[in-house]
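Asks: A single structure is presented below for examination.
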Amino acid sequence: MSGERERVLEVEDLQVRFATDTGEVPAVCDISLHVHTSETLALVGESGSGKSTVALAAMGLLPGNARASGRVTVDGTQVVGAGEAELARLRGRTASMVFQEPATALDPLTRVGAQIAEVIRNHRPLGRAEAAREAIELLRRVGIPEPEQRARAFPFQLSGGQRQRVVIAMAIANSPGLLIADEPTTALDVTVQAEILDLLRGLAADSGTGVLLVTHNMGVVADFADRVAVMLNGEIVETGPVEEVLLRPRHEYTRKLLAAVPRLVFQGEDPAPRQDAPVVELRDVRVRFGRGPRAVRALDGVSLDVRPGETVGLVGESGSGKSTAARVALGLIPPDSGTVSLFGTDLARSRGRRRRALLSGVGVVLQDPVASLDARMSVAECVAEPLRMHRRGMSAAERRARVAEVLELVRLPKELMARGPRELSGGQRQRVSLARALVLEPRLLVADEPTSALDVSVQRTVLEVIAELQRELGFGCLFVSHDLAVVQQFAHRVVVMRAGCVEEQGPTMSTLLRPRSEYTRRLIAAVPVPDPVVQRRRRAGVTV
Amino acid sequence: MTAVLQTAPVEAVPNYRVSLRKFTRNKLAVAGLAVVLLFLLFCFVGPLLHSTDQTHTDLGQVNLAPGGAHWLGTDAVGHDELGRLMYGGKVSLLVGLAAGILATVIGTLWGAAAGYAGGWVDAVMMRVVDAGIAIPALFILLVVSAITTPDTAGLILVLGLVSWLVPSRLVRAETLTLKSRDYVLTLRATGGTHTRAITRHILPNSVSTIVVAATFQVADAILLVAYVSYLGLGVQPPKTDWGGMLSAGLTAAYSGRWWLIVPPGLAIILVVCAFNAIGDGLRDAFDVRGRG
Amino acid sequence: METLAYLARRTAQALVVILIVTVVVFCLLHALPGGPARGILGPQATAQQIAAFDHDQGLDRPLPVQYVYYLRTLLHGDLGTSYTLNEAVSQLVGQRLPKTLVLTVLSAVVGLLLAVPLGMWQAVRRNKPADYVITTLSFVAYSTPVYFLGLILVLVFTQELNWFPSQAPQGDTPAQVFADPVALVLPVVTGAASMVAVFSRYMRAATLENLSEDYVRTARAGGSRQGAILFRHVFRNSLTPVIAMLGYYVPVLFGGALVVEQLFNYPGMGLLFWSAAQSSDYPVLLGCVLVISVATVVGTLLADVVQRIVDPRVKAGRA
C-alpha cells in the first residue's frame, strides 16, 4: 500500500536541540517518519514529548534557539538548513500549517479576508480584487456563513471555531500537498471540535492532501488518522495503522497511555441517591456582569445542590456559566438574586468571623497549576496556610505533622515540603493544591477543571486520589469539567449547563446514556472515543 | 505509573537565582551598577582624599582653567571644581534617592489601596492621579519656587509629592492582577481575611514591580533635582548640587569656561543613565511590567 | 452609538479630572504664605494698602467662597487680570497658547517620526551592536536635562558652526513663527530629543513583543516574508500601545516647552508662565496651570480616541 504513492513529507534522523540557560536540551532524538498523499498520520504524545517540535521543524518554523540536523524533505525540498527565501516559497504553497490557538493565530488588526488574500498573493500573481474574491470563495469552502460580509470582519468579531476555519482557509488557499495541524481542536469546545475535524477530513479527502496531525487526544486520533506514531521523550516508540496501535498497542507506553484515557462508556447503573442535607445549595441564582445594554446574563435561574459524600459534575461548553456557578457557590461572586446556602446557612447573611468560620469548611482546587500556588511559598507553607488561618492555637510542630500527614494522603513525598512550586511538575502542583484544600478536613470540595491542564496519565492519578479521599473522608464535591468522559467516570450526579441555564440534571449514568435534552445528546455525540472502529460507526450515525 | 508521575520539574532553579543571572548578564545594567557605586565612592569618600574648602570664597583663585592644583579648574568665586563636584553630588544623590523612594512609597500605598478596594473608591482615587498627572511637574515646581525656597528636607518632600503618580499607576495595575490570581481567590473562598491576602500575597508578590519602579523613580528624581536650581528652587549657596553648578555655569559657558558645565552635566547624565540601565536590567530580570 | 457613549463617558471623566485640577491649583496658590498682595505691592506696602488690595481682588473672603467665585468666573471664560501686565489672563493665554502648541506638536511629530522607525529597526536587530549603541544613546538623551542639551546645541550650532540662530522665531502668530523655519530647528530638536529616546524604547519593546506573537508565525507559515510581516502586521499592532502612551506623555511635552521657551526666548505660554513666576503674578500662574492642565487632559483624551479609531478591538470594548 505504500511504495507507489508519493511521500509529501519525509523525515529522516531528525534531531532537534534547544539551547537554554542551563545548556543544550534535546527535544527530538533521531526520529524518522513520512506522510503520503491522501493519508493522515497522527503524531501523538504527552506534553514535552517533542511532537510539536517535529511539526515546526517540518515547516522550518523552529524558534531561534533550536538546532536541527537530519533530513526533512517536503515534496522533495530539504527544509533543514534551507534559507528564509526558499522556505517562504515553500510555506503556504507546498506545505501549510494550522495552529492550536485560534484566539491568537490571526493578526487582530487586519480583516480576515485580507489575511487570506495575503497568503494567496504570496504565491500567485493575482490582483487585489481577484485575490479578495478567491478569499471569499475559500471562506465559503470552510463553511463560514455569509462569506462576503465575514471577509470584512476582524478576528475578534468571530467565534473561536470560525477563527480556526479562517486559519484553515489560509492553509488551503494554495492547495498544498501537505497540511500540518498542530493540536487544531484542543482550544475548542467539543461540538466545535467535531465540526472542525469533519471539515479537515473533508478537505483532505477532496484534494488528496497529506496530513500530519499532532495531538494528545486519542479520540481525535481515532476519528481522523490512518496511521499513528507515538512519541515519548523525543523518540517514536510505536508506529502503525490506527486500528493496530489503538486497539492492539505493542509498546508498554502506548498501552499505559491508552489505559489512562478517560472513555465514555455506553452502559452502567446509577449509584444510590444520597438523602443527607446538602452541604451547598444554589436556589434560583441569577448573576449578570456589567451594566446597561452591554450587561451579560452569566447565570439565569440556576439551582443545584451537593450532598455529603457525593460528587456532582458540572459540565458545559465555554461560556455556559459553569465556572461562574462554582464561584457563586464559593461566595466569590455575590448573586444578583437567589440564595446560596452553605452547610445550611445563608451565605449572604453571614459576615465577618462567622462567615470565615463557615468558609473554613470548604476546600478549593482551581484549574491552572501555575497560578494556584503562590510561587514565593514553599510547599509546606502553601499547605499550612489554611491552618494558620483557622487553627490559630496550633503549635508549629502540630502544624508540621498535619502538613506531612496530608501530603502523604495525596501521595506526595515528604522531601517536596521545602521545595517551591516552581520546582514541581503540573501534576505535583495540583496535588499540593488538593492537600491545601483537604488540610482542614472540609465538608465541601469545589474543583474547577482541576485536571484539564494535565496530561492524561497525571490526570488519572489526581482524579483517583480525589475519589479515594472522598470515600475516606466523606466530603461533598462540586466538580466542574468540560470533559464528559471524566465526569461520567467520576461523578454521581451531573448538571449540564448551557448559556447560563441548567439544561438538565440527574444521576450520571441515566442522564448521559438517555439524555432528555437535544443539547446533551449533541454534546455526547460530539465526544470522539479512542476506538477507531466504534468512532467510525458513531460518525456514520449508527447509535451505539 | 510512578514513572509517569515523577515527570521532570518545570524549573529546577529557584527564581531569584535566575533573576540574578539574567541581571548580571545584562552588560548595560552591570555597567550602570558600577557607575552608581563609583559615584557614591566619589562623592562620599572622595572628599577625604581631595579635601577642599567649599564654604569660603577665594577671590584670588577665580575662573582658573583646569590644570595644576585644580584638576578641573575653579568657578567664579574660587571654589575648586573637582571638590565642588563631590560636594554637590552628595546633595544631588541624597535628595534624588530620598525623593525617589518617598515617591515610590506614596505611590505604592495609594495604588495598592485603590487597586484592592476597586469599585468607586478606585475610580475616585485614580481620577486624583489623573489630575496630578495633568499638571506638568515643572509647572508646579515653578509655582512653588515663586512662593517659597524650601530647605533640603522640604525639597525632598516637594519632589516626592510631584512624582508619586506613575508608581501609583503601576502598583495599582499589579494589585488588580494579583487580587484575581487563583491563590488569592482560593484564600478568600476558604475564609481568609483581606489583611492576609494583602500582607501575605499581594504585597510580597509586588516587590519586584515596586523595586523596578523605585529604580526608575530615583533616576527621574535625580534628573528633577537638576531642574530644581534652574527653576529657582535649589539649595542656597554656598551649598550646591550638580543642577545648581550647571545653572550657575550657564552664562560662563558662552565665554568658553566649559569646565564649569561639562563635569556637572556629565555627572548628571551618567548617574541618571546608570539608574535607568539598572531599572531596565531589573525589569527584564524580574520579568515584570514597567516603563519601556 | 457605542462610540458616542464612550465619548460621553470619557468626557465626563475628563471634566472630573479638570475639576480636581482647579481644586489642587487653587489650594496650592492660596494655602501658602507670602501672599499675593505682598508680592505685588512690594515690601514697603502698608497694612492698609494690603488690606485694600486684598479687598479689591476678593482675597479677604473665605477660601471656599473664593473658590466658588473663581469657578463661576472660569465658566464665563474669565481667568482674571494679570497683576503686572494689566491685561486679561485669558487674552494673554489666548495669544500665547497657539504658539506653544505649534512648538509642542512640531516636537512631538518630529520625535515620533524618528522614534518609531528607530525602535522597529532596533527590535529587528536586537542585541546586535547597532541596538546597543542606540539604546545607550537613548539613555543619554533621556538623562540629559533639557536646558543642558539646549545649551550644548547652541554652543555647537550657533557659536561654533553658526548654522542656526540661538533665538526662536519672535512673531506673534503661528504664521509668523513658520516664516522663519531655520530659527525653529534648535528649539524643536531640543524639545524632541527625550521624546525620541522614550518612544524608541516603547516601540522597540512593543515590536519585540509582537514579533513573538502567534499571528507572526501564522503569517510566516503562509509564506509571507519578514519585511511584509513587519510592515503589514507588526507595525500597526506595535503602534497602538505607543499611541496610548502618547496620552501620558503630553504633560512631559508641556514641561519641556516651559524650559525650551525660556532657553530660546520663544514667546509662548511657557515664557509667560516663567516671567509670571518671577513676579508672583498669581492670576497668570493660576490661569496658565489651568490651561496647560486642560490641554493635557484634552491631549490624553485625543490619544484615547485615536487609539480607538486605529484598534477595532478597543472600539468593541474587548481589549
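Asks: Between the range C:169-202 and the range A:32-105, how many Å separate their Cα centres?
Replies: Going from one Cα centre to the other spans 52 Å.
Asks: Based on alpha-carbon centroids, what's the gap between the range A:374-439 and the range A:216-252 in Å, whole number please?
Replies: So the separation of the two Cα centres works out to 38 Å.
Asks: Sticking with this one: How big, in percent, is the set of alpha carbon pairs in chain A lying more than 40 Å apart? Let's see the in-between values first.
Replies: Details: 46807 of 147696 pairs.
Tail fraction, whole percent: 32.
Asks: In whole Hz, with x marking every Gly and Pro, tabulate ³J(HN,Hα) for the range C:110-126 from phi via Karplus 6.51 cos²θ - 1.76 cosθ + 1.60, θ = phi - 60°.
Replies: 4, x, 5, 4, 7, 5, 5, x, 4, x, 5, 4, 4, 5, 5, 9, 5
Asks: Run through the range B:52-151 and list the chymotrypsin sites (Phe, Trp or Tyr not before Pro) located in a DSSP loop whose Cβ has at most 15 other Cβ atoms within 10 Å. Display every interim value, and only then the final one.
Replies: Details: sites: B:71, B:87, B:110, B:116, B:120, B:139; in loops: B:71.
Loop-located and lightly packed - B:71.
Asks: If you don't mind, another one. Sort out for me the Cα centre separation of the range A:455-509 from the range B:16-35, rounded to whole Å.
Replies: 49 Å
Asks: Name the residues whose placed amide hydrogens come within less than 5 Å of the amide hydrogen of residue A:211, ignoring near sequence neighbours (fewer than 5 apart) on the same chain.
Replies: Here the answer is A:39, A:40, A:41, A:179, since their amide H atoms fall under 5 Å of that of residue A:211.
Asks: If you don't mind, there's one more thing I want to ask. Filter the trypsin sites (Lys or Arg not before Pro) in the range A:1-78 to those in DSSP coil with at most 13 other Cβ atoms within 10 Å of their Cβ, and list the result. Could you put the intermediate results ahead of the total?
Replies: Working: sites: A:5, A:7, A:17, A:51, A:67, A:71; in loops: A:5.
The qualifying sites are A:5.
Asks: Where the convex hull is taken over the Cα atoms of chain B, what is its projected area averaged over directions, in nm²? List each step's numbers first, then the result.
Replies: On the way: hull surface 82.8 nm².
Result: a mean projected hull area of 20.7 nm².
Asks: The range C:132-154: which residues show an accessible-area loss of 40 Å² or more, assembly versus chain alone, 1.4 Å probe?
Replies: Buried by the other chains: C:139, C:142, C:143, C:145, C:147, C:148, C:151.
Asks: Tell me, what is the per residue accessible area of the range A:463-516 in Å², probe radius 1.4 Å?
Replies: That works out to 37 Å² per residue.
Asks: Same structure again: Any aspartates and glutamates with Cα under 20 Å of the residue C:99 Cα? List them, leaving off those in the same chain fewer than 8 positions away.
Replies: Candidates past the 8-residue exclusion: C:87, C:172, C:180, C:261.
Asks: Restricting attention to the range A:323-427, which trypsin sites (Lys or Arg not before Pro) occupy a DSSP loop and are surrounded by at most 10 other Cβ atoms within 10 Å?
Replies: Working: sites: A:327, A:349, A:351, A:353, A:354, A:355, A:356, A:376, A:388, A:391, A:392, A:399, A:400, A:402, A:411, A:414, A:419, A:422; in loops: A:351, A:376, A:391, A:392, A:411, A:419.
Answer in residue order: A:351, A:392.
Asks: Give me a comma-separated list of calculated 3J(HN,Hα) values for the range A:55-60, in order, Karplus coefficients 6.51, -1.76, 1.60 applied at θ = phi - 60°, integers in Hz, x for any Gly or Pro.
Replies: Going residue by residue, I get 4, 5, 4, 5, 9, x Hz, with x marking Gly and Pro.
Asks: What's the longest piece of chain A with no exposed GluC sites (Glu not before Pro), counting a site as exposed if DSSP puts it in a loop and it has at most 16 other beta carbons within 10 Å?
Replies: A:270-544
Asks: Further question on the same structure: I'd like the per residue volume of the convex hull spanned by the Cα atoms of the protein assembly as shown, given in cubic angstrom.
Replies: Details: hull volume 247.2 nm³, N = 1155.
Taking the convex hull of the Cα positions in the protein assembly as shown, it is 214 Å³ per residue.
Asks: What does the charge add up to near residue B:71, with Lys and Arg as +1, Asp and Glu as -1, over the other residues with Cβ less than 13 Å from its Cβ? Don't jump to the answer; show the numbers that get you there.
Replies: Numbers: positive: B:84; negative: B:80, B:81.
Neighbour charge sum, excluding residue B:71 itself: -1.
Asks: From the helices alone, meaning DSSP H stretches of at least four residues, give me the mean residue ellipticity at 222 nm for the protein assembly as shown, per-run term -39500 (n - 2.57), in deg cm²/dmol to the nearest 500. If you can, show how the numbers build up before the last one.
Replies: Working: 48 runs with 642 residues, N = 1155.
Taking each H run of at least 4 residues, the total per residue is -17500 deg cm²/dmol.
Asks: Here's another thing I want to ask about it. What percentage of the solvent-accessible surface of chain A, computed with a 1.4 Å probe over protein heavy atoms, is contributed by carbon and sulfur atoms? Could you put the intermediate results ahead of the total?
Replies: Working: 10630 of 22380 Å².
Carbon plus sulfur share of accessible area: 47 percent.
Asks: Using protein chains only (no ligands, no nucleic acids) and a 1.4 Å probe, work out which residues of the range C:209-228 have their accessible area cut by at least 40 Å² relative to the chain alone.
Replies: Buried-area filter returns C:214, C:215, C:217, C:218, C:220, C:221, C:222, C:223, C:225.
Asks: Would you pull out the residues with amide H under 5 Å of residue A:98's amide H, same chain only if 5 or more places away, H placed 1.01 Å from N?
Replies: Close amide H contacts, sequence-distant or interchain: A:180, A:181, A:182.
Asks: While we're on this one: What pairs in A:322/B:179; B:22/B:179; A:51/B:179 have C-alpha atoms more than 30 Å from each other? Before the final figure, lay out the partial values.
Replies: Numbers: A:322/B:179 21 Å; B:22/B:179 28 Å; A:51/B:179 36 Å.
Going by Cα-Cα distance, A:51/B:179 fall outside the 30 Å limit.
Asks: Here is a follow-up. Looking at A:481, A:387, A:138, which one has the Cα that reaches farthest to the positive end of the dipole of chain A (charges on Cβ: Lys, Arg +1; Asp, Glu -1)?
Replies: A:387
Asks: Here is a further query. So how strong a dipole does the range B:213-290 carry about its Cα centre when Lys and Arg Cβ are +1 and Asp and Glu Cβ are -1, to the nearest 20 debye? Could you put the intermediate results ahead of the total?
Replies: Working: 4 positive and 5 negative charges, 54 e Å.
That gives the range B:213-290 a dipole magnitude of about 260 debye.
The values are calculated or read from the model by the stated rules, or taken from the named source; none is laboratory data. Quick caveat, the model's predicted, so the values are computed rather than measured. Cβ atoms come from the backbone with ideal geometry, glycine included; neighbour counts cover every protein chain shown. Areas reflect the complete protein model, heavy atoms only, side chains present, ligands, DNA and RNA absent. Shrake-Rupley method; radii C 1.70, N 1.55, O 1.52, S 1.80 Å.
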